[in-house]
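Asks: Below is one structure. I have some questions about it.
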Amino acid sequence: RSAETPLHWAASSDDVAVLDALIDGGADVEATGGAFTCGTAMSNAVIFAQWRAARRLLERGATTTLWQAAALGLLDRVQEHLATVPAPAPRDITNALWHACRGGQRAVAERLLPRGADLQWIGHDRKTPLDAARASGNAELVEWLRVRVEADARR
């Protein structure tokens, strides 16, 4: 048995039409039980890089964690998370950087890196933030990160 709801499944498969129908029918966008994190449908959408579903969940009122906001390039939400007391732990900032890179979000990556994110972290799918950025297809982000990784390696 799985704790995932049909909304989690719709988010995991980027099925925006089903996602809308489920929410219109009363599905809870904040229900937990998702894959890997036991999180919300937003968690599933971001984990599986289902960006259309993630954006629609935002439109439908979903909240975001730091790493989810980072993946979606929501700089205002990232700033809110960074301003909390206590501040996010370095591992959480690194995880957010990784997700920002996977989502191709350079502005967010620029904000997270000086906050203590680890460029050398081998994270999800056994990829570094630079590897994740390469998979995003954002060439400008890849070049920006590459320069910083090389400078970090020289230290």
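Asks: Report the Stokes-Einstein translational diffusion coefficient (µm² s⁻¹, integer) for the chain, Rh taken as the Kirkwood radius over Cα pairs, at 25 °C with viscosity 0.890 mPa s.
Replies: Details: Rh = 15.8 Å.
After rounding, the answer is 155 µm²/s.
Asks: Counting only protein heavy atoms and using a 1.4 Å probe, what share of the accessible area of the range 1-153 belongs to carbon plus sulfur, as a whole percent? Kindly include the intermediate steps, with their values, before the conclusion.
Replies: Working: 4020 of 7650 Å².
With neighbouring chains kept in place, the figure for the range 1-153 is 53 percent.
Asks: Measuring with a 1.4 Å probe in the full set of protein chains, what accessible area per residue, in whole Å², belongs to the range 63-116?
Replies: Values: 2400 Å² over 54 residues.
Each residue of the range 63-116 exposes 44 Å² on average to a 1.4 Å probe.
Asks: Find the centroid of the Cα atoms in the range 26-45 and in the range 116-147, then give the distance between the two in whole Å.
Replies: Each part reduced to its Cα centre gives a spacing of 26 Å.
Asks: Quote the charge dipole size of the chain about the Cα centre in Debye, to the nearest 20; the model charges only the Cβ of Lys and Arg (+1) and of Asp and Glu (-1). The partial results should precede the final answer.
Replies: Numbers: 18 positive and 19 negative charges, 112 e Å.
Its charge dipole is roughly 540 debye.
Asks: Additional query: Treating the beta-carbon of each Lys and Arg as +1 and of each Asp and Glu as -1, no other charges, what is the dipole magnitude of the range 1-66 about its Cα centre, to the nearest 20 debye?
Replies: Working: 5 positive and 8 negative charges, 30 e Å.
It works out to roughly 140 debye.
Asks: Starting with the highest mean, order 41-52, 82-93 by the number of other Cβ atoms within 10 Å, averaged over the residues of each peptide. Before the final figure, lay out each step's value.
Replies: Working: 41-52: 23.2, 82-93: 13.0.
Output ranking for 41-52, 82-93: 41-52, 82-93.
Asks: Give the peptides 115-122, 63-70 in descending order of average Cβ contacts within 10 Å, highest first. If you can, show how the numbers build up before the last one.
Replies: Details: 115-122: 16.4, 63-70: 23.9.
For the peptides 115-122, 63-70, the packing ranking is 63-70, 115-122.
Asks: Report, to the nearest 10°, how far helix 139-154 tilts away from the longest principal axis of the Cα atoms in the chain, using its own Cα long axis and a range of 0 to 90°.
Replies: 50 degrees
The values are calculated or read from the model by the stated rules, or taken from the named source; none is laboratory data. Being a predicted model, the structure only gives us computed values, none of them experimental. When we count neighbours, we look across all protein chains shown, and the Cβ atoms used for this are built from the backbone with ideal geometry, even at glycine. Side chains included, ligands, DNA and RNA excluded: accessible areas come from the protein's heavy atoms. Shrake-Rupley method; radii C 1.70, N 1.55, O 1.52, S 1.80 Å.
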